[in-house]
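Written out below as C-alpha cells is the structure these notes cover.
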Amino acid sequence: MFKPQYTITNKLLANIKQINSLVIELNNRHFDSVILYELEKEAREISSYASTNIEGNPLPLTVVKEILKNQPKNLRNSEQEVINYNEALEELNKGLGKALTPFNLNLILSIHKKVVLKLVPKTQLGKLRKEPVFVNNPQTGATIYWPPDAKDVKKLINDLINFTNTNRNLIDPLIIASLFHKQFVLIHPFMDGNGRTARLATKFLLANLGINTFNLFSFENYYNKNVTNYFKNVGALGNYYDLAGSINFTAWLEYFTDGIIDELFRVKKLLLEIPSNPETELKPYYKNILRIIKAKGYIADRGYAKITKRAKATRNLDFKKLIKLGLIQRKGKGRASYYQLKVSQQG
C-alpha cells in the first residue's frame, strides 16, 4: 500500500491558501466564449510545446503552433509528439471537472495510448511495461535511477490509484495530485511516454477533484522553464527498492504548488490584459446559432432562417464568421450542408 511521507510546512499551507484564492478569483470572472476558446487553444499550444520540450523535443513554440494549426501529413516523430499531446489534452478537456468521469487505470492507459500513438510499437500502446527500464543522466549518459521491476508495476499503479481515490475527500486535492504525479514518475509504468502521461493525468486529476481552471491552465509551462529543476524535484537517485521506504515528498509538494501559483498568475495577467474587442464579442444572432447547435447537435440554414429575419447571404456570412472564429464546422455539401460545434467546443 502506498503510504507517502511528507510534512505540511508553513510554505505549503501558504501556497495552498494562495492557490485557492486565485482559483476562486479566476472562476468568478466571466468572458465571452470566443475569448475563452482562443485562450484555451493557446493553453493547449503551450502545454503541447512545453510537455514535449521537457522530454527533449526540439521544436520551438512558433513551429508547434503552425503544426497544430495546419495538421501536416507525413509527420516526423517530433511533430507527431505535439499532435498527440494536443489531441489527448483536447479530449481530456471535455471531461475536466465532470465528477462522473472515473479516475482509474483505464483512463491512464487511454492517455498513454494517445500520447505515444505512432511513436512506439503497437504492443506498447496503452500497455504497462513488461521489461526493465532505466533513467539516465541526459548529459553524461550514466544511469541514475532504477525503477521497480516490471512484475511489480501493475500492483504499484493500482495502489497509487486506490490511494488517490480513497483519500480524495480526506486530503487536499492539491496534495493528492502532487503525490500522484511524483509517485507515478517513480514507478515509471511504461517503456516510453511516462512524463507526458503523468502530466496529463495530473491535470485531469486536479480538475476531477474540483479545481477548475476552465482549460486555460498549463502547469507544464512552469516545469519547462527550468527542466533540470523539474527532474531534480520529480525524480530520485538510486534503486526504487532501496528508496521506497524513505522518500520524502515535502520538497516536491512545495515545488508542485509553486508551479501552480506561477501558472495561475500567468493566466490572471493574461485575462487582465484582454481589451474590449468587437471582433471577440458574439452578437445575439451568433449566440442563437450556437444555442440551437448545443440543443439539437446541429443547425442547417433552413433552421436558422426560421428564427431570424436576416437574408440568406447574411446568414451565410454569419456561419462563415463562426467558422473563422473556430467555434463551428461545416458538414455536408450544397443543400445538404449543416453546421456543428467544432470538436474542441463539444462536451
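The residues listed here are 328, 292; of these, the one that is β-branched (Val, Ile, Thr), closer than 22 Å to residue 87 by Cβ and modelled with pLDDT of 85 or more is 328.
Inspection of segment 127-144 identifies at least one residue that is surrounded by 12 or more Cβ atoms within 10 Å (Cβ to Cβ) and either among the basic types (Lys, Arg) or at positive phi (or both). Filtering segment 295-314 to residues that are within 27 Å of residue 69 (Cα to Cα) and modelled with pLDDT of 90 or more leaves 298, 299, 300. The single condition among (1) at pLDDT 95 or above; (2) not in a helix (DSSP H, G or I) that residue 256 does not satisfy is (2). Considering every residue within segment 66-74, establish whether at least one is over 30 Å from residue 27 (Cα atoms), out of contact with any Lys or Arg (no Cβ under 9 Å at 6 or more places or on another chain) and surrounded by 16 or more Cβ atoms within 10 Å (Cβ to Cβ). Within segment 66-74 (the criterion being over 30 Å from residue 27 (Cα atoms), out of contact with any Lys or Arg (no Cβ under 9 Å at 6 or more places or on another chain) and surrounded by 16 or more Cβ atoms within 10 Å (Cβ to Cβ)), the answer is yes, since at least one residue qualifies.
When you look at residue 73, is it farther than 26 Å from residue 183 by Cβ and assigned to a loop (DSSP other than H, G, I, E, B), yes or no? Against the criterion (farther than 26 Å from residue 183 by Cβ and assigned to a loop (DSSP other than H, G, I, E, B)), residue 73 qualifies.
Contact map, segment 287-298: first residue free of Cβ contacts under 8 Å to residues at least 24 places away in the same chain, second residue assigned to a loop (DSSP other than H, G, I, E, B), Cβ cut-off under 9 Å, separation 6 or more or different chains; pairs are 288/307; 288/308; 292/298; 292/307.
Which numbered condition trips up residue 112, out of (1) closer than 25 Å to residue 157 by Cβ; (2) without any contact (Cβ under 8 Å) to a residue 12 or more places away in the chain; (3) in a helix (DSSP H, G or I)? Going through the list (1) closer than 25 Å to residue 157 by Cβ; (2) without any contact (Cβ under 8 Å) to a residue 12 or more places away in the chain; (3) in a helix (DSSP H, G or I), residue 112 breaks only (2).
Residue 155 falls short of the stated requirement of being crowded, with 20+ Cβ neighbours inside 10 Å, basic (Lys, Arg) and not assigned by TED's automatic domain parsing to the domain that holds residue 39.
Is it the case that segment 162-171 has a residue that's part of a helix (DSSP H, G or I), among the hydrophobic types (A, V, I, L, M, F, W, C), within 20 Å of the chain's Cα centre (by Cα) and buried (at least 18 other Cβ atoms within 10 Å of the Cβ)? Looking through segment 162-171, none of the residues is part of a helix (DSSP H, G or I), among the hydrophobic types (A, V, I, L, M, F, W, C), within 20 Å of the chain's Cα centre (by Cα) and buried (at least 18 other Cβ atoms within 10 Å of the Cβ).
The values are calculated or read from the model by the stated rules, or taken from the named source; none is laboratory data. Bear in mind that the values here come from a model prediction, so they are computed numbers and not experimental data. Positions of Cβ are generated from backbone atoms using ideal geometry, with glycine treated the same way; all protein chains shown enter the neighbour counts.
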